[in-house]
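Okay, structure first, notes after.
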Amino acid sequence: YEVTSAPVMSEKQELEGVVLVFHDITELKRVEKMRKDFVANVSHELKTPITSIRGFAETLLEEVPNNKEINNQFLTIIFNESKRLQALIDDLLELTKLEREGIQLNYEHFHIDEWIETPLKVIKDQAEKKKIHLYTEIQPNLSYYGDPDRLQQVLLNLAINATNYTPEDGEVRILIHKKETYLEWKIEDTGIGIPQEEQSRIFERFYRVDRARSRNTGGTGLGLAIVKHIVESHEGDIRVFSEVNKGTEFIIQLPILHDR
Ligand code: ADP
């Protein structure tokens, strides 16, 4: 607690008492810590690819390797690291914008069957590449009123994560059903899981359970922060259930709203 005090004086200017005000600063401290962590993480995430780009470019400038293969190898690293940087900056700008201006949702009526086609194609490709079985269970003839593009982004993020954090031969399941007053999505995998004590933190910007490993997946550590933002702007709710080495399940509940 932070305490401020003020004397209480009588009309004759005699001290009658003291007013003490207790401010609960735990929340303030927490927000301040998150901000500091965020700045430290951004710097780290930006520096890593830049260091690598600089290093390989310098080497090439000093001496062009005679070997075409090595030459290509270096250029490929430079190319991939620039793409990483680009993705990072895009996500960062997007998240900052979401947090500052709130999210601009373009509400539309859409059919789930049609809406899911495009993201599903991407997810199928990714699953195939990683030799992961993909199971989908989409209740037919569902429609929803929400922002179709943003919701596709949510599905893609979660499903791509699921394939990223699941080893070969594992399974990813996507289930979408209508419950009484809401649409329920489940994105499940049989992957590496998330330790209990980290589960509440994965929605924070840049939070990663295992930095070194996550970096290889090409993600930016911002995906789930963006996902949570979009779901909550739809007045929905996202929860995670996970067990290490068993798998992870994300459950999203989106209220069925009517035109407004
Ligand atoms: P990233 O770009 O690192 O995937 P996200 O914000 O999408 O960032 O996810 C944050 C972290 O949560 C990941 O780095 C990973 O450690 C963990 N995570 C997310 N989804 C899964 C999953 N399906 N299985 C295991 N870990 C996951």
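The values are calculated or read from the model by the stated rules, or taken from the named source; none is laboratory data. As the structure is a prediction and not an experimental result, all values here were calculated from the model. Reconstructed Cβ throughout: ideal geometry from the backbone, glycine too, with neighbour counts over all protein chains shown. The protein model used for the area step is the full one, side chains on, heavy atoms only, and it has no ligands, DNA or RNA in it. Shrake-Rupley method; radii C 1.70, N 1.55, O 1.52, S 1.80 Å.
What to note about this one:
- Identity of the residue in region 229-260, among the polar types (S, T, N, Q) and more than 13 Å from the ligand (Cβ to nearest atom), that ends up modelled with the highest pLDDT: GLN253
- Selection status of LYS12, in a helix (DSSP H, G or I) and open to solvent by 100 Å² or more (accessible area, probe 1.4 Å): no
- Of the residues making up region 146-172, those that are more than 10 Å from the ligand (Cβ to nearest atom) and touching a Ser or Thr at 6+ places or on another chain (Cβ under 6 Å) number 2.
- Meets criteria (on the phi > 0 side of the Ramachandran plot and over 18 Å from the mean Cα position of the chain (by Cα)) for LYS121: no
- Boolean, ARG84 is touching a residue at least 40 places away in the same chain (Cβ under 8 Å) and either open to solvent by 100 Å² or more (accessible area, probe 1.4 Å) or assigned to a helix (DSSP H, G or I) (or both): yes
- Taking region 90-106 as the range and being surrounded by 13 or more Cβ atoms within 10 Å (Cβ to Cβ) and not in a helix (DSSP H, G or I) as the test, the residues that pass are ILE103, LEU105.
- Any hit, region 31-51, residues being assigned to a helix (DSSP H, G or I), open to solvent by 80 Å² or more (accessible area, probe 1.4 Å) and of a type in the set (S, T, N, Q): yes
- Picking from residues in region 110-147 that are touching a helix residue (DSSP H, G or I) at 6+ places or on another chain (Cβ under 9 Å) and in contact (Cβ under 8 Å) with a residue 60 or more places away in the chain, the one that is farthest from PHE206 (Cα to Cα) is TYR144.
- For region 146-155, a residue qualifies if it is modelled with pLDDT of 95 or more and open to solvent by 20 Å² or more (accessible area, probe 1.4 Å), and exactly one does: GLN152.
- The residue that is nearest to GLN152 (Cα to Cα), counting only those in region 108-141 that are surrounded by 13 or more Cβ atoms within 10 Å (Cβ to Cβ) and of a type in the set (Phe, Trp, Tyr), is TRP115.
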